[in-house]
């Protein structure tokens with residue numbers, strides 16, 4: 001599915017997704033650990049921020065919320081008025097190189113075709129400062145499908161599988177990978193991965 005189709009799909013269901021999403025998942029401890037690891041006055045980039053209630057609202061003031069959906073960003077403007085918001089495709093981030101201290105990406109990357117996931121992780125690495133951190137959901141299965149009726153709409157999902165995702169992160173220069181399974185913002189269990197960007201280890 002091309003980026004324009006994914007954007008239209010998210011615009012159509014953004015309000016429903018925000019209403020159904022539980023903002024109190026037990027991933028809050030992971031976010032807390034991330035915040036504690038950041039330098040003073042950090043810059044954090046939240047990829048696929050949506051309405052902002054789960055991740056962006058719990059990041060340091062002045063964090064950047066990026067989403068492909070204009071409707072999602074309209075909701076984020078209401079939820080997190082002080083955030084900087086950007087509409088963009090995560091395969092080509094309009095963010096300066098070495099300008100971000102951390103990247104978060106909750107349930108976001110698997111809406112990009114899996115053959116482009118290495119490009120996404122290289123973009124994460126590009127914008128991160130050396131030693132910067134990433135926190136993202138880690139899909140467990142290998143799939144590529146369109147789910148009709150998802151949140152009342154039609155949504156694309158794609159993943160190369162858990163091990164290939166971890167390998168792609170390492171190839172992009174991420175090290176010290178740590179995974180943990182917690183209840184996610186949609187009320188089910190999800191595995192998350194945290195990692196540190198080591199510029200010396202990038203391909």
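Readers should treat all values here as calculations from the given coordinates under stated rules, not as data from a laboratory. All of these numbers come straight from a predicted model, not from anything done at the bench. As a convention, Cβ positions derive from the backbone with ideal geometry for all residues, glycine included, and neighbour counts pool all protein chains shown.
Side notes on the structure shown:
- Start at zero, step by 5 Å, and the Cα-Cα distances of the chain spread as 1, 8, 17, 22, 23, 18, 9, 2, 0 percent across the bins.
- Neighbour counts of other Cβ atoms within 10 Å put 10, 150 in the fewest-to-most order 150, 10.
- For 183, 63, the sequence from fewest to most other C-beta atoms within 10 Å is 183, 63.
- The chain: calculated mean residue ellipticity at 222 nm from DSSP helix runs of at least 4, using -39500 (n - 2.57): -9000 deg cm²/dmol
- Per-residue packing, averaged as other Cβ atoms within 10 Å, sorts the ranges 67-73, 142-148, 85-91 into the order 67-73, 85-91, 142-148, beginning with the highest.
- Using alpha carbons only: equivalent-ellipsoid semi-axes of the range 1-109, gyration tensor based, whole Å: 22, 17, 12
- For the range 84-203, the alpha carbon positions stretch 43, 29, 25 Å along the principal axes, listed from largest to smallest.
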